Amino acid sequence: MAEKLILLVEDREDHALLIRRGLRKGPPIELLRVVTSGEEAIEYLGGTGPYSDRNEFPLPAVVLLDLDLPGISGFDVLRWIRKQTELKSLWVVVITCSELEQNASLASILGANSFIVKPRDLDSLIQMVETSLPYWLGSKALRMEPQRQF
């Protein structure tokens, strides 16, 4: 697992751009990879298809996962992640526009480490990413014993 690699699973280009901007303002990260669908996320994390070279596509330390994705939903990606033995300790942060309580509950049941509702305005989204990054990339001990942020 690359200590400071973040995999962003986000189908909206504008949201991905703003999250990238917020990440630049926080502590340095080695790399941000972006995939735009649930299928791509599973291929990347599974090391299959175009992502089979782990030197080029290492496992991330954190996955930022949107729920509303084309094809395979974010919930289905989360279910898949938690069934993979080698990904059990992977830190997964659900980042979504949905404020539905049942989405937060289901994400928790499925094993998300955090659930964050994306702010509606651009500056707040950038600030949210900037201030959350140290928590997401916290120590190995934090990732081994996740604390839920709901």
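Suppose the filter is touching a strand residue (DSSP E or B) at 6+ places or on another chain (Cβ under 6 Å), buried (at least 17 other Cβ atoms within 10 Å of the Cβ) and at pLDDT 90 or above; does L67 pass it? Yes, satisfied. With respect to the conditions (1) surrounded by fewer than 18 Cβ atoms within 10 Å (Cβ to Cβ); (2) in contact (Cβ under 8 Å) with a residue 12 or more places away in the chain; (3) among the small types (G, A, S), S52 falls short on a single one, namely (2). Could you tell me which of the residues L23, L17 is within 16 Å of M128 (Cβ to Cβ), part of a helix (DSSP H, G or I) and over 14 Å from the mean Cα position of the chain (by Cα)? Answer to the selection: L17. Whether any residue in segment 34-49 is surrounded by fewer than 14 Cβ atoms within 10 Å (Cβ to Cβ) and in a helix (DSSP H, G or I) is what I want to check. The answer is yes, given that some residue of segment 34-49 is surrounded by fewer than 14 Cβ atoms within 10 Å (Cβ to Cβ) and in a helix (DSSP H, G or I). Just one of the listed residues (A112, A104, A61) is more than 17 Å from V9 (Cα to Cα), surrounded by 19 or more Cβ atoms within 10 Å (Cβ to Cβ) and of a type outside the set (D, E), and it is A104.
The single condition among (1) at pLDDT below 95; (2) buried (at least 22 other Cβ atoms within 10 Å of the Cβ); (3) aliphatic (A, V, I, L, M); (4) closer than 24 Å to I109 by Cα that V93 does not meet is (2). May I ask you to verify whether E3 is at pLDDT below 90, outside any helix (DSSP H, G or I), surrounded by fewer than 16 Cβ atoms within 10 Å (Cβ to Cβ) and touching an Asp or Glu at 6+ places or on another chain (Cβ under 9 Å)? Yes: the conditions hold for E3.
D76 meets all of the listed conditions (1) out of contact with any strand residue (DSSP E or B) (no Cβ under 8 Å at 6 or more places or on another chain); (2) surrounded by fewer than 17 Cβ atoms within 10 Å (Cβ to Cβ); (3) under 21 Å from D11 (Cβ atoms); (4) modelled with pLDDT of 90 or more but one, namely (2).
The values are calculated or read from the model by the stated rules, or taken from the named source; none is laboratory data. Just so it is clear, the model here is predicted, and its values are computed rather than measured. Reconstructed Cβ throughout: ideal geometry from the backbone, glycine too, with neighbour counts over all protein chains shown.
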